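Notes to accompany the following structure.
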Amino acid sequence: MQEKAKRLIPGMTQLLSKRPDQFSYGVWPGYYSKAKGAEVWDLDGKKYLDMSISGIGANVLGYADPDVDEAVMAAVKNGTSCSLNCPEEVELAKVLCDLHPWADMVRYARTGGESMAVAVRIARAHTGKDKIAFSGYHGWHDWYLAANLGTENALGEHLLTGLLPAGVPKGLINTALPFNYNDLDALQKIVSEHGNDLAAIVIEPIRNSKPESDFIDGIRAIADETGAVFIVDEISAAFRYLTGGAHLHFFPQMPDMAVFSKAMGNGYPIAAIIGKSNVMESAQKTFISSTYWTDRIGPTAALATIKKHKDLNVAEHLIAIGDKVQKEWINLGQKHGLAIDVGGMKPASHFVFLDDQ
């Protein structure tokens, strides 16, 4: 199957994190026939315990969750596409605003990258400015990859290497300005040079380290001073620490917008951009529209996922498991004389080898 994919699909897959040739090619099972809970079956019928990150972070309840699937199948039977709008998107908007009391309004997309592009477009429409200061990984769209235009590897120095900007308009040079997480001085330097043109400040609530309070306080103050929109990208972190955005767990200072995808639908495509009404209404100043952002499956899956996540206090369970895994990795490293660094969110842990022993 991998050899066929090489001939038929550029890059073999649609997602960088799933490229078979990034793993032990020919050994790592690149394709699955079935997935249930935390188990995966490959095309040869071999069963594995998935010690990866559960659908690249999307399947927070495990694969093929029966309650989410049941809700989706009922929606399918009643029609997932129509000339009218599905009421589930209104119900989900209410749920998301109730979970995040600072937010007033919601727009939808179906993937993380495009939802971040929507958020940035709204911020630019709201402010009338172009430049985005950001920390973290935020997808594949032009606004983000523009950081690598005219530089050696700005995103590589920042977080991920090898994100090539070929095809991104060169006119976007100096519109995407990266700064390191918890480095308020770096952000202030960007503001001193570009503050009058700053449309948004974008961060992830957490990735490898927890946010420092003065870092978040500083971002909020800078956003207020410059008029920039403070956007929190919750695509990777949401539903790991509580039901809703991780920013509610780590810092009380509320953003102007937050973006969700991945875990919100437990594997079904759905994304949401939530925010304060004065910012969100600016979506009406520009053209943001797509037929498949109105389908019924995504909102239905999100409603079922959020209900189960909250009822069973799933986040507490995930944190407990992550804590045990991290401690065991440290113990095993010490036992076998391997220098490793254990990090990341406990519900999405990772380790790296520090030398070549």
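Only the coordinates and a few stated rules stand behind these numbers; no lab work does. Values in this document were obtained by computation on a predicted structure and should not be read as measured data. FYI the Cβ positions are ideal-geometry reconstructions off the backbone, even for glycines, and counts take in every protein chain you see.
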Under a no-solvent Debye model with one identical scatterer per Cα of the chain, what's log10 I(q)/I(0) at q = 0.08 Å⁻¹? -0.42
Once phi is turned into ³J(HN,Hα) by the Karplus curve 6.51 cos²θ - 1.76 cosθ + 1.60 with θ = phi - 60°, what whole-Hz value does each residue of the range 194-202 show in order, with x for glycine and proline? 10, x, 5, 10, 7, 8, 7, 10, 10
Given C-alpha coordinates of the range 123-227, what is the ratio Rg to Rh with the Kirkwood estimate of Rh? 0.95
Candidates per chymotrypsin sites (Phe, Trp or Tyr not before Pro) in the range 179-287, loop by DSSP, up to 14 other Cβ within 10 Å: Phe287
Have a look at Leu15, Leu43, Leu338 and tell me which one the Gaussian network model of the chain (Cα, springs below 10 Å) gives the largest fluctuation. Leu15
Debye calc, one equal point scatterer per Cα of the range 1-55, no solvent, log10 I(q)/I(0) at q = 0.14, 0.17, 0.18, 0.26 1/Å comes to -0.37, -0.55, -0.62, -1.18
Going down the list Lys170/Lys262; Lys94/Lys310; Lys36/Lys262; Lys210/Lys308; Lys262/Lys346; Lys210/Lys262, which pairs span over 19 Å between their C-alpha atoms? Lys170/Lys262; Lys210/Lys308; Lys210/Lys262
Can you tell me the length gained on complete extension of the stretch Lys77 to Tyr25, counting 0.36 nm per residue apart and subtracting the Cα distance? 14.7 nm
Could you compute the FRET efficiency for Lys170 and Ile288, with r as their C-beta to C-beta distance and R0 at 25 Å, rounded to 0.05? 0.50
Restricting to lysines and to Cα separations under 19 Å from Lys4, and discarding same-chain partners fewer than 8 apart, the set is Lys18
Rounded to the nearest 500, what is the chain's calculated 222 nm mean residue ellipticity when only DSSP H runs of at least 4 contribute -39500 (n - 2.57) each, over all residues? -10500 deg cm²/dmol
Counting Lys and Arg as +1 and Asp and Glu as -1, each charge on the Cβ, what is the dipole of the range 243-357 about the Cα centre in debye, to the nearest 20? 400
Net lengthening on full extension, Lys310/Ser192 (0.36 nm per residue, minus Cα-Cα): 38.2 nm
Distance between Cα centroids, the range 9-50 to the range 299-319: provide it in whole Å. 26
Convex hull over the alpha-carbon atoms of the range 214-342: what's its volume per residue in Å³? 159
Unit charges at the beta carbon, dipole of the chain: most positive-side option, His100, Pro252, Asn266: Asn266
Mean 1/r over distinct Cα pairs of the range 1-103, inverted to a Kirkwood Rh in Å, yields 16.9
Excluding residues fewer than 8 places away in the same chain, name every one of the aspartates and glutamates whose C-alpha is closer than 18 Å to that of Lys324. Asp50, Glu316, Asp341
Based only on the alpha carbon positions, what is the Kirkwood hydrodynamic radius of the range 61-109, in angstrom? 12.8
Using unit Cβ charges (K, R positive; D, E negative) and no other charged atoms, how large, in debye to the nearest 20, is the dipole of the chain about its Cα centre? 900
Between Ala64 and Ser277, the FRET efficiency computed from the C-beta separation at R0 = 56 Å comes out, to the nearest 0.05, as 0.90
Between Lys94 and Gln14, with labels modelled 7 Å along Cα→Cβ, what's the label distance in nm to one decimal, could you check? 3.2
Check each of the trypsin sites (Lys or Arg not before Pro) in the range 7-112 and keep only those in coil by DSSP with at most 12 other C-beta atoms within 10 angstrom; list them in order. Lys46
Bounding extents of the range 298-357 in its principal axis frame from Cα atoms, largest first in Å, are 49, 20, 12
Return the distance in nm (one decimal) between the two label points of a simple spin-label model at Ile319 and Lys4, each offset 7 Å from Cα along Cα→Cβ. 4.5
